[in-house]
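Input: a single structure, listed below in C-alpha cells.
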Protein chains: 2
Amino acid sequence: MMPSWLSESIPAPSSARMEEARNRQEQLTKPRGSLGRLEELAIRLAGLQDRPLPTVERVRIVVFAADHGVTVAGISPYPQSVTVEMMRNFSRGGAAINVLARAIQASLEVVDVGAVTDPGILPGLLSRRVDAGTQDFRTQPAMTPEGLRAALRAGAEAAQRAVAAGCDLFIGGEMGIGNTTSAAALACALTHKAPFIIAGPGAGLDPQGVARKVEVIEQALMCHQHALKTPIEILTALGGFEIVALVGALIAAAQRRLPVLVDGFIVSVAALAAVRIRPELAPWLIFAHESAEPGHRVVLEAMQAAPLLQLGMRLGEASGAAVAVPLLRLACTLHREMATFAEAGISGA
Amino acid sequence: MMPSWLSESIPAPSSARMEEARNRQEQLTKPRGSLGRLEELAIRLAGLQDRPLPTVERVRIVVFAADHGVTVAGISPYPQSVTVEMMRNFSRGGAAINVLARAIQASLEVVDVGAVTDPGILPGLLSRRVDAGTQDFRTQPAMTPEGLRAALRAGAEAAQRAVAAGCDLFIGGEMGIGNTTSAAALACALTHKAPFIIAGPGAGLDPQGVARKVEVIEQALMCHQHALKTPIEILTALGGFEIVALVGALIAAAQRRLPVLVDGFIVSVAALAAVRIRPELAPWLIFAHESAEPGHRVVLEAMQAAPLLQLGMRLGEASGAAVAVPLLRLACTLHREMATFAEAGISGA
C-alpha cells in the first residue's frame with residue numbers, strides 16, 4: 001500500500017558536526033549556555049546541514065491548498081469558497097504568508113492539491129489537483145489509496161524542487177476551509193485522545209460549533225474504527241489532500257537532508273503522521289511555534305517537541321513558521337560571527 | 001532629591017490610533033485574532049507612535065557598562081576585569097550584541113558609565129563615567145546622590161540621542177560583572193521578596209555561589225533597611241551606574257514618545273524601578289523575553305508584563321531584546337501590507 005519511495009533512507013544528523021558546533025559555542029564570548037535555545041538551534045542545524053557553520057539563507061515556503069468534504073457538516077465559520085478565494089489572494093500577494101515571505105526573503109509556492117473549484121492558471125500557483133476536494137469522512141474514506149499516493153507525491157515533488165533550488169530550510173503550510181476538523185480527527189486517531197480534548201475553534205468557531213465539530217469527529221472515528229490501524233490507513237480515512245501532501249513533503253525533505261521548520265497545529269499533525277511512518281524523520285523537524293488551537297499541545301507532546309514561539313497565533317499558511325525564521329538566522333549568525341574568548345583576549349570564568 | 005526632569009510629563013498612548021489599528025486588523029484577510037500577539041503588537045505600536053501604520057525601522061540599542069563594588073564579596077564567576085575586556089570586545093564588534101545589531105540593522109552605542117578601569121578612547125564607545133565602579137553596598141550606599149543623578153542623566157542623554165537620530169524603538173542593555181547581584185538586591189527591595197527567591201546563577205554561579213549571593217543581598221538589605229523607602233533611595237543604596245542609567249533612559253524615552261523594548265532580568269529591574277518612579281511609563285515598555293534567571297519572572301509579574309519570547313537566554317547586553325526585534329517588524333509589516341477582505345474579494349465568516 002505504501003509508495004516505495006516513502007521507505008528510502010533518511011540520514012541521521014551528523015553528530016561530529018554537532019560536537020564541533022557545541023565546542024565552538026563554548027568558546028564564544030558569553031557565559032556558557034547563555035544564548036539558551038539559540039545555541040541549541042545552531043548546534044542542531046550544524047548536525048542537520050552537516051557543516052560546522054550552518055546557514056538559513058534560502059528558505060522555501062510551500063503552501064498546499066485543498067478542500068474537505070466534511071465541510072458539509074457545518075464545521076467551519078467560513079464558506080468553502082474561501083479556499084479558492086484565498087488562493088487568488090496568495091496569487092496577488094495579499095495574504096499573511098505573502099507578506100511574511102517577502103519580509104523574510106523566502107521563496108513561496110502555492111500548490112493546489114484539490115480545491116473544490118479549480119482556480120485555473122494563476123501566477124505563483126502550481127496545479128497538482130488530486131481531486132475536487134475530499135469526500136465527507138463521516139461516512140466514507142476521505143480519499144482513495146490512489147488519491148493518497150498522488151497527494152504524497154505532490155508533497156515530495158515540492159521538497160525536491162526546494163532541494164534543486166539550493167534551499168537550506170523547508171517550510172510547509174496549508175490552506176483549506178474545514179482542515180482543522182480533518183487534522184483533529186487525524187490527531188485523535190494517531191494519539192488515541194478523545195475528540196473533545198483535541199478539537200478547538202479553528203478559524204473561529206463558537207462553543208456550539210466546537211461541540212458540533214467534536215460530534216462530527218466522533219462519528220468519523222466510529223465509521224472508520226476498523227480502518228485506523230496504520231498511519232497510512234488513518235490518512236486515507238480522515239486526511240485532507242494538503243495534509244497528506246505535507247506528510248510527503250516532510251519525509252522527502254529529510255531524505256534529502258533538508259531541515260524542516262514545522263508550522264502550527266495542522267502541519268504538526270502531518271508531522272506526527274510522518275514520524276509514525278518514518279521515525280528517523282524526527283530530528284529533521286524544528287518546531288516553530290505553539291498555536292492557540294488547543295489540540296496543538298497534545299500533538300507536540302506526542303512528539304516531545306518544544307516549539308520556539310508561543311504567540312497565540314492560529315492562522316495557518318505557514319505563518320507561524322515564517323515568523324520563527326529570524327530566530328534561526330540569528331542563531332546561525334551569532335554562531336558564525338561572535339568572537340571567541342581567545343580572539344577577544346577575555347578572561348575566562 | 002529627585003532631578004526635576006524625571007517629573008516631566010509622559011504622554012499617554014493614542015487610544016484613537018489604537019482603535020484605528022484594531023479596526024484595520026479585523027479587516028485583514030485572516031480569521032479575526034489569528035495573528036495573536038502580533039496583532040497586539042501592531043495595535044500597541046500604533047498607539048505609542050501615534051500613527052495608524054507603525055514601523056520599527058530605526059532601532060537604537062544602547063549598552064551601559066559599569067562595575068560593582070560588591071564584586072569583592074565573590075558573587076561572580078568572572079573577574080572584574082571582564083567588564084573592560086568586554087567593552088573592548090564591543091568596540092571591535094565581536095560580542096553577541098554587535099552581531100545581533102548588525103543582523104537586525106540597529107545602531108549600537110556602548111556607554112561607559114563607570115567601569116573600574118577607564119578603557120580610554122575606543123571606537124563606538126562613549127565615556128560618561130560617573131565613578132570607577134560603585135561602592136560595596138554590603139556596608140555603604142552603592143553611590144552618592146550626585147552619582148545617581150549623573151547616571152540617570154547619562155541614560156536620559158542616550159534616549160535623547162536616539163530621538164534626535166529619528167529612531168522609532170529604543171533598546172537598553174547592560175554589561176557589568178556582578179550586576180545580577182545589584183539587580184537582585186534592587187528587585188528584593190522593590191518587590192519585598194526574599195533574596196533566595198530572586199537571586200540566581202547570573203553568568204554561571206554554582207549552587208554554593210548562589211547561596212553566597214543570597215547572603216550578600218541579605219546583608220545589604222539589613223544594612224540599608226532604613227534607607228529603602230523610595231525607588232530613588234533604593235537605587236542609591238543598591239544600584240549600579242548602568243542600572244540607574246537604564247532607569248533614566250527609559251523614562252526619558254517615554255517622555256519623548258519613543259517606545260522601549262525591554263531586555264532581560266537586569267533591564268526589567270531598571271524598568272520596575274522606573275515604573276515605580278513614573279507609573280505612566282508602563283505602557284511604553286514592551287517586554288522582549290523571559291530570561292533563564294529565576295528572579296526575572298518575579299520582576300515581570302510585579303509589572304504584569306507578558307514577554308514575547310522564552311528562549312532560556314541569560315546573556316544580557318540587550319541580546320534578548322535584539323532577538324525580538326524581527327517580531328515587532330513582522331507585526332508592523334503584516335499590519336501594513338496584508339490585503340483586506342474587501343480588497344481581496346473574500347467572503348467573511
TODO: Residues that are out of contact with any Asp or Glu (no Cβ under 8 Å at 6 or more places or on another chain) and under 20 Å from B:Val244 (Cα atoms): find the helices (runs of 4 or more DSSP H) completely inside the stretch B:123-223 holding 3 or more of those.
DONE: B:145-164, B:179-191, B:207-223
Open item on the list: So if I check each of B:Leu281, B:Leu285, B:Leu309, which one is buried (at least 19 other Cβ atoms within 10 Å of the Cβ), within 20 Å of B:Ile43 (Cβ to Cβ) and touching a residue at least 60 places away in the same chain (Cβ under 8 Å)?
Closed with: B:Leu281
TODO: Sort out which residues of the stretch A:7-49 are more than 20 Å from A:Ala274 (Cβ to Cβ), assigned to a loop (DSSP other than H, G, I, E, B) and in contact (Cβ under 8 Å) with a residue 24 or more places away in the chain, and write them in order of number.
DONE: A:Ser14, A:Thr29, A:Lys30, A:Pro31, A:Arg32, A:Leu35
TODO: Tell me, yes or no, whether the stretch A:187-197 has at least one residue that is closer than 22 Å to A:Thr230 by Cβ, open to solvent by 30 Å² or more (accessible area, probe 1.4 Å) and of a type in the set (A, V, I, L, M).
DONE: yes
Task: B:Arg276 being within 22 Å of B:Cys188 (Cβ to Cβ), at pLDDT 95 or above, open to solvent by 10 Å² or more (accessible area, probe 1.4 Å) and in a helix (DSSP H, G or I) - done: yes
Open item on the list: Within the stretch B:21-42, does at least one residue satisfy the condition of being outside the structural domain of B:Val216 (by TED's automatic domain parsing), under 20 Å from the mean Cα position of the chain (by Cα), of a type in the set (A, V, I, L, M) and more than 19 Å from A:Pro31 (Cα to Cα)?
Closed with: yes
Open item on the list: Going residue by residue through the stretch A:224-231, is there one that turns out to be open to solvent by less than 50 Å² (accessible area, probe 1.4 Å) and either under 13 Å from the mean Cα position of the chain (by Cα) or on the phi > 0 side of the Ramachandran plot (or both)?
Closed with: no
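A quick yes/no check of all residues on (1) touching a Ser or Thr at 6+ places or on another chain (Cβ under 8 Å); (2) in contact (Cβ under 8 Å) with a residue 60 or more places away in the chain; (3) open to solvent by 40 Å² or more (accessible area, probe 1.4 Å); (4) closer than 27 Å to A:Arg32 by Cβ:
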{"residue": "B:Leu53", "(1), (2), (3), (4)": "no, yes, yes, no"}
{"residue": "B:Asp67", "(1), (2), (3), (4)": "yes, yes, no, yes"}
{"residue": "B:Gly120", "(1), (2), (3), (4)": "no, no, no, no"}
{"residue": "B:Pro123", "(1), (2), (3), (4)": "yes, no, yes, no"}
{"residue": "B:Thr144", "(1), (2), (3), (4)": "yes, yes, yes, no"}
{"residue": "B:Arg149", "(1), (2), (3), (4)": "no, yes, yes, no"}
{"residue": "B:Arg153", "(1), (2), (3), (4)": "no, yes, yes, no"}
TODO: Pull up the stretch A:340-349, narrow it to residues that are in contact with a Ser or Thr (Cβ under 8 Å, 6 or more places away or on another chain) and more than 7 Å from chain B (Cβ to nearest Cβ), then point me to the one that is most open to solvent (accessible area, probe 1.4 Å).
DONE: A:Phe341
Task: Contacts under 9 angstrom Cβ, first residue in the stretch B:83-99 being under 11 Å from B:Ala322 (Cβ atoms) and in contact (Cβ under 8 Å) with a residue 40 or more places away in the chain, partner open to solvent by less than 10 Å² (accessible area, probe 1.4 Å) and among the small types (Gly, Ala, Ser), 6 or more apart - done: B:Ala96/A:Ser34; B:Ala96/B:Ser319; B:Ala96/B:Ala322; B:Ile97/B:Gly173; B:Ile97/B:Ala318; B:Ile97/B:Ser319; B:Ile97/B:Ala322
Open item on the list: Suppose the filter is hydroxyl-bearing (Ser, Thr, Tyr), open to solvent by 20 Å² or more (accessible area, probe 1.4 Å) and within 14 Å of chain B (Cβ to nearest Cβ); does A:Ser91 pass it?
Closed with: yes
Task: Flag if A:Leu311 is over 23 Å from A:Asp50 (Cβ atoms), within 7 Å of another protein chain (Cβ to nearest Cβ) and under 15 Å from the mean Cα position of the chain (by Cα) - done: no
- [ ] Of the numbered conditions (1) within 14 Å of chain A (Cβ to nearest Cβ); (2) in a loop (DSSP other than H, G, I, E, B), B:Thr333 fails exactly one; give the number of that condition.
- [x] (2)
Task: Residue list for the stretch A:294-306, filter: over 14 Å from A:Ile266 (Cα atoms) and within 14 Å of another protein chain (Cβ to nearest Cβ) - done: A:Ala306
Open item on the list: Name the residue that is farthest from B:Asp206 (Cα to Cα), counting only residues in the stretch B:288-304 that are open to solvent by less than 20 Å² (accessible area, probe 1.4 Å) and among the small types (Gly, Ala, Ser).
Closed with: B:Ala288
TODO: Go through the stretch A:211-220 and count every residue that is surrounded by fewer than 19 Cβ atoms within 10 Å (Cβ to Cβ) and under 14 Å from A:Ser182 (Cα atoms).
DONE: 4
Task: Filtered residue count, the stretch A:254-273, keeping only those that are within 12 Å of the chain's Cα centre (by Cα) and either more than 25 Å from A:Ala164 (Cβ to Cβ) or surrounded by fewer than 23 Cβ atoms within 10 Å (Cβ to Cβ) (or both) - done: 7
Open item on the list: Please go through the stretch A:198-209 and give me each residue that is open to solvent by less than 30 Å² (accessible area, probe 1.4 Å) and closer than 21 Å to A:Leu300 by Cα, ordered by number.
Closed with: A:Ile198, A:Ala199, A:Gly200, A:Gly202
- [ ] Determine whether B:Val63 is in contact with a strand residue (DSSP E or B) (Cβ under 6 Å, 6 or more places away or on another chain) and either part of a loop (DSSP other than H, G, I, E, B) or not β-branched (Val, Ile, Thr) (or both).
- [x] no
Open item on the list: Whether any residue in the stretch A:237-251 is within 22 Å of A:Arg37 (Cα to Cα) and small (Gly, Ala, Ser) is what I want to check.
Closed with: no
- [ ] Quickly run through the stretch A:128-183 and pick out the residues that are acidic (Asp, Glu) and touching a helix residue (DSSP H, G or I) at 6+ places or on another chain (Cβ under 9 Å).
- [x] A:Asp131, A:Asp136, A:Glu157, A:Asp168, A:Glu174
Open item on the list: If I go through the stretch A:1-57 residue by residue, how many of them are among the acidic types (Asp, Glu) and away from every other protein chain (no Cβ under 14 Å)?
Closed with: 4
TODO: Filter the stretch B:312-339 down to residues that are open to solvent by less than 10 Å² (accessible area, probe 1.4 Å) and of a type in the set (Val, Ile, Thr) and give me whichever is nearest to B:Glu26 (Cα to Cα).
DONE: B:Val325
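The values are calculated or read from the model by the stated rules, or taken from the named source; none is laboratory data. Because the structure is a prediction, the values reported are computed rather than measured. Cβ atoms come from the backbone with ideal geometry, glycine included; neighbour counts cover every protein chain shown. Ligands, DNA and RNA are stripped out before the accessible areas are found, and what is left, the full protein with its side chains, is counted by its heavy atoms. Shrake-Rupley method; radii C 1.70, N 1.55, O 1.52, S 1.80 Å.
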